[in-house]
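J.: Quick one: the structure is below, and I'll ask about it shortly.
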Amino acid sequence: MKYLLTAILFLIILPTTFSQNPDKATTNRINSYLDSIRKDEARLRQFLSKMPKGADLHHHYSGSVYAETYLEYVEKNNLWINKNSFAISDKQVPRGERSEWSRVSSLKTDGYWSDIKVKIIGSWSKLYFDYVSCPNDEHFFSTFDKFSIPETATFNEGLQEIKQRAISENVSYIETMLTSTGFFEAFQKDEIFNNQLLKLQETKDKSIQTKFAELYKYYTKENNGIFKSKVEEHNNLIQRLHINNKIDDENFTMRYQNYFIRVLDPATTFKSFLISFHSASTSDLIVGVNIVAPENNTISMRDYWLHMQMFRFFKSVYPNVRTAMHAGELTLGLVKPEDLTFHINEAVFIADAERIGHGVDIAYEKDSDKLLKHMAENKIPIEISFSSNDFILGIRGNRHPILLYKSYGVPIVISTDDAGVLRTDLTEQFLILIRDYPSISYQDIKTMIFNSIEYSFLEKSEKEKLTKDLEKRFLEFEDEF
Ligand SMILES: [Zn+2]
């Protein structure tokens with residue numbers, strides 16, 4: 001009997017053992033191939049464009065659509081263009097100001113349209129940037145306001161563009177930051193709250209949480225109507241866009257993050273947090289929230305602790321809302337050395353961030369050893385976007401902390417940030433990863449790709465479905481290889 005059981009057990013184990021071996025052999029073969037083409041970008045592109053890439057988790061909707069799509073709208077609707085600044089206007093320009101402005105049709109008649117088109121693409125993206133006229137980060141962050149008119153008018157086209165590009169790159173899921181509305185109405189007590197919050201921040205007074213509870217009551221109870229209508233307006237828009245454009249199908253899934261900006265006064269920021277958290281808590285499609293805008297801005301720096309305390313407060317009110325945070329998108333020279341020591345720390349230890357965006361200043365953070373161990377143990381992933389870090393911060397190659405994160409076992413995901421403004425795609429981010437970091441193996445890359453589904457803010461059942469789908473895609477990819 002004992003022998004019979006052993007034999008049955010052997011037969012059960014045998015097929016698994018055999019099926020794992022070819023897998024390992026394939027992995028080794030792919031690894032050797034990758035090693036042989038690390039410096040050959042054309043072959044890397046060829047290999048990587050077919051590789052399944054899982055999810056793009058750090059993705060700004062408006063910066064991911066390419067400028068050409070926005071320009072098509074400008075052209076089709078014959079909008080006004082300022083010939084000097086390349087600003088766009090969808091309103092009739094007063095007669096007195098028309099020496100500087102022209103409609104697209106007039107520019108075409110006069111033969112200037114092709115030239116101006118090129119210049120507009122340049123001012124809306126990094127293409128043709130001369131690296132002289134202004135700092136890179138300033139150019140990058142200034143693009144978003146410039147295309148805001150076509151951006152809000154082309155959500156349908158933009159979402160389709162992003163979806164189709166994802167499918168052609170073998171990307172199965174995107175979590176994009178898309179916000180349509182702020183909560184910028186001025187209320188009677190805003191100024192009083194601003195002063196009170198700034199005072200509490202000065203001494204880092206923990207009673208700030210009690211103050212937040214008072215603000216929360218004021219904005220939700222006394223201004224309930226406006227607050228609710230803003231949330232409904234935004235959630236309905238996301239729902240409509242998502243359903244009407246048939247975004248989800250068997251090949252692709254998309255979810256959304258609300259975001260608020262870190263460069264506004266404290267009361268306005270608090271109201272934006274409130275709208276964003278409440279909206280995410282009442283929508284199946286909006287899976288999380290994020291905080292954006294330059295981290296080295298004067299207000300971002302002054303109010304950093306305050307914003308992290310706001311995260312803490314709203315997470316206690318809306319425990320089901322997931323949080324990813326841009327933190328540590330800084331480097332030496334951009335701010336004072338002392339200001340590089342606390343952003344990721346506070347995002348992790350005060351705000352309880354579930355994912356960190358960029359995290360470039362990690363080696364400068366106070367007790368970075370303890371912080372990295374904490375991130376690894378608590379599985380707080382780092383979202384890495386090479387093209388973005390390179391253009392905005394000038395951080396690339398061995399100045400980038402990716403290998404430091406990896407050595408501590410912090411989960412890594414690779415993402416695009418703003419592929420349209422940065423004129424890149426997700427494939428290129430993996431290309432940079434393999435080209436610039438010879439110690440990264442094919443197995444490491446696969447781990448990062450599976451991480452992108454595991455650490456997404458999707459529901460458990462959706463994650464399981466996408467993980468299975470990803471496994472299938474890899475089998476097909478490796479089979480073909
Ligand atoms: Zn970002």
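J.: May I ask you to list pairs of residues, at least six apart or on different chains, whose Cβ atoms are under 9 Å apart, with the first in the range 33-55 being not assigned by TED's automatic domain parsing to the domain that holds residue 435 and of a type in the set (Phe, Trp, Tyr) and the second being surrounded by fewer than 20 Cβ atoms within 10 Å (Cβ to Cβ) and outside any helix (DSSP H, G or I)?
T.: Every condition considered, the pairs that remain are 33/481; 47/481.
J.: Something else now. More than 16 Å from the ligand (Cβ to nearest atom) and out of contact with any Ser or Thr (no Cβ under 7 Å at 6 or more places or on another chain): which single residue out of 122, 158, 182 fits that description?
T.: Details: 158 fails: out of contact with any Ser or Thr (no Cβ under 7 Å at 6 or more places or on another chain); 182 fails: out of contact with any Ser or Thr (no Cβ under 7 Å at 6 or more places or on another chain).
Unique residue meeting the criteria: 122.
J.: Here is a follow-up. Does residue 478 fit the bill of being more than 16 Å from the ligand (Cβ to nearest atom), part of a helix (DSSP H, G or I) and within 25 Å of residue 378 (Cα to Cα)?
T.: Working: more than 16 Å from the ligand (Cβ to nearest atom): yes; part of a helix (DSSP H, G or I): yes; within 25 Å of residue 378 (Cα to Cα): no.
Criteria not met by residue 478.
J.: Could you please find all residues in the range 301-320 being buried (at least 21 other Cβ atoms within 10 Å of the Cβ) and either within 14 Å of the ligand (Cβ to nearest atom) or over 24 Å from residue 364 (Cα atoms) (or both)?
T.: Across the range 301-320, the qualifying residues are 310, 313, 314.
J.: Quick one: residue 96 ticks every box in (1) in contact with an Asp or Glu (Cβ under 6 Å, 6 or more places away or on another chain); (2) free of Cβ contacts under 8 Å to residues at least 24 places away in the same chain except a single one, so which number is it?
T.: Answer for residue 96: the failing condition is (1).
J.: For the range 10-88, list the helices (runs of 4 or more DSSP H) that sit wholly inside it and hold at least 2 residues that are among the β-branched types (Val, Ile, Thr) and at pLDDT 95 or above; which are they? Steps first, answer last, please.
T.: On the way: elements: 41-50, 61-64, 67-76.
Qualifying helices (runs of 4 or more DSSP H): 67-76.
J.: Which residues, counting only those in the range 271-299, are within 16 Å of the ligand (Cβ to nearest atom) and surrounded by fewer than 20 Cβ atoms within 10 Å (Cβ to Cβ)? Don't jump to the end; show me each part of the working.
T.: Of all residues in the range 271-299, those within 16 Å of the ligand (Cβ to nearest atom) come to 276, 288-297.
293, 296, 297, listed by residue number.
J.: Select from the range 436-471 the residues that are within 18 Å of the chain's Cα centre (by Cα) and of a type in the set (A, V, I, L, M) and write down the one among them that is nearest to residue 358 (Cα to Cα). I'd like the intermediate steps shown before the answer.
T.: Taking the range 436-471 first, the residues within 18 Å of the chain's Cα centre (by Cα) are 448-458.
Checking which are of a type in the set (A, V, I, L, M) leaves us with 448-449, 453, 458.
Working: 448: 15, 449: 17, 453: 18, 458: 21 Å.
It comes out as 448.
J.: Checking the conditions here, which among 154, 109 is of a type in the set (S, T, N, Q) and either under 20 Å from residue 259 (Cβ atoms) or assigned by TED's automatic domain parsing to the domain that holds residue 417 (or both)? Show your work before the answer.
T.: Numbers: 109 fails: either under 20 Å from residue 259 (Cβ atoms) or assigned by TED's automatic domain parsing to the domain that holds residue 417 (or both).
Result: 154 is the single residue among 154, 109 that is of a type in the set (S, T, N, Q) and either under 20 Å from residue 259 (Cβ atoms) or assigned by TED's automatic domain parsing to the domain that holds residue 417 (or both).
J.: Going residue by residue through the range 164-183, is there one that turns out to be surrounded by 15 or more Cβ atoms within 10 Å (Cβ to Cβ) and part of a helix (DSSP H, G or I)? Give the derivation first.
T.: Step one: filter the range 164-183 for residues surrounded by 15 or more Cβ atoms within 10 Å (Cβ to Cβ), giving 165-166, 169-183.
If we keep only those that are part of a helix (DSSP H, G or I) as well, we get 165-166.
Among the residues of the range 164-183, at least one is surrounded by 15 or more Cβ atoms within 10 Å (Cβ to Cβ) and part of a helix (DSSP H, G or I), which makes the answer yes.
J.: Within the set of pairs 6 or more residues apart or between chains, which connect a residue that is in the same structural domain as residue 382 (by TED's automatic domain parsing) and farther than 22 Å from residue 38 by Cβ inside the range 433-460 to a residue that is of a type in the set (Val, Ile, Thr) and part of a helix (DSSP H, G or I) with Cβ atoms less than 6 Å apart?
T.: Qualifying pairs under 6 Å: 453/467.
J.: Got a sec? Which of 450, 457 is of a type in the set (Phe, Trp, Tyr) and either assigned to a helix (DSSP H, G or I) or crowded, with 24+ Cβ neighbours inside 10 Å (or both)? Before you say what the answer is, go through the steps one by one.
T.: On the way: 457 fails: either assigned to a helix (DSSP H, G or I) or crowded, with 24+ Cβ neighbours inside 10 Å (or both).
Checking each option against the conditions leaves just 450.
J.: On the given criteria, is residue 217 in a helix (DSSP H, G or I), at pLDDT 95 or above and farther than 30 Å from residue 175 by Cβ?
T.: Working: in a helix (DSSP H, G or I): yes; at pLDDT 95 or above: yes; farther than 30 Å from residue 175 by Cβ: yes.
Here the answer is yes, as residue 217 does meet what is asked.
J.: Sticking with this structure for a sec: Tell me whether the range 231-246 contains one or more residues that are on the phi < 0 side of the Ramachandran plot, within 16 Å of the ligand (Cβ to nearest atom) and either not assigned by TED's automatic domain parsing to the domain that holds residue 327 or not β-branched (Val, Ile, Thr) (or both).
T.: Kept after step one, since they are on the phi < 0 side of the Ramachandran plot, are these residues of the range 231-246: 231-245.
Adding the requirement that they be within 16 Å of the ligand (Cβ to nearest atom) leaves none.
No, the range 231-246 contains no residue that is on the phi < 0 side of the Ramachandran plot, within 16 Å of the ligand (Cβ to nearest atom) and either not assigned by TED's automatic domain parsing to the domain that holds residue 327 or not β-branched (Val, Ile, Thr) (or both).
J.: Let me ask something else. Is it the case that residue 206 is modelled with pLDDT under 95, under 20 Å from residue 308 (Cβ atoms) and more than 16 Å from the ligand (Cβ to nearest atom)? Spell out how you get there, then give the answer.
T.: Numbers: modelled with pLDDT under 95: yes; under 20 Å from residue 308 (Cβ atoms): yes; more than 16 Å from the ligand (Cβ to nearest atom): yes.
Yes, satisfied.
J.: Has the range 221-234 got any residue that is modelled with pLDDT of 95 or more and of a type in the set (Phe, Trp, Tyr)?
T.: no
J.: Also: Out of curiosity, is residue 240 under 23 Å from residue 298 (Cα atoms), modelled with pLDDT of 95 or more and not aliphatic (A, V, I, L, M)?
T.: Values: under 23 Å from residue 298 (Cα atoms): no; modelled with pLDDT of 95 or more: yes; not aliphatic (A, V, I, L, M): yes.
When the stated conditions are applied, residue 240 does not pass them.
The values are calculated or read from the model by the stated rules, or taken from the named source; none is laboratory data. No experiment lies behind these values; they were computed from the predicted model shown. Methodologically, a virtual Cβ is constructed for each residue, glycine included, from the backbone with ideal geometry; neighbour enumeration extends over all protein chains shown.
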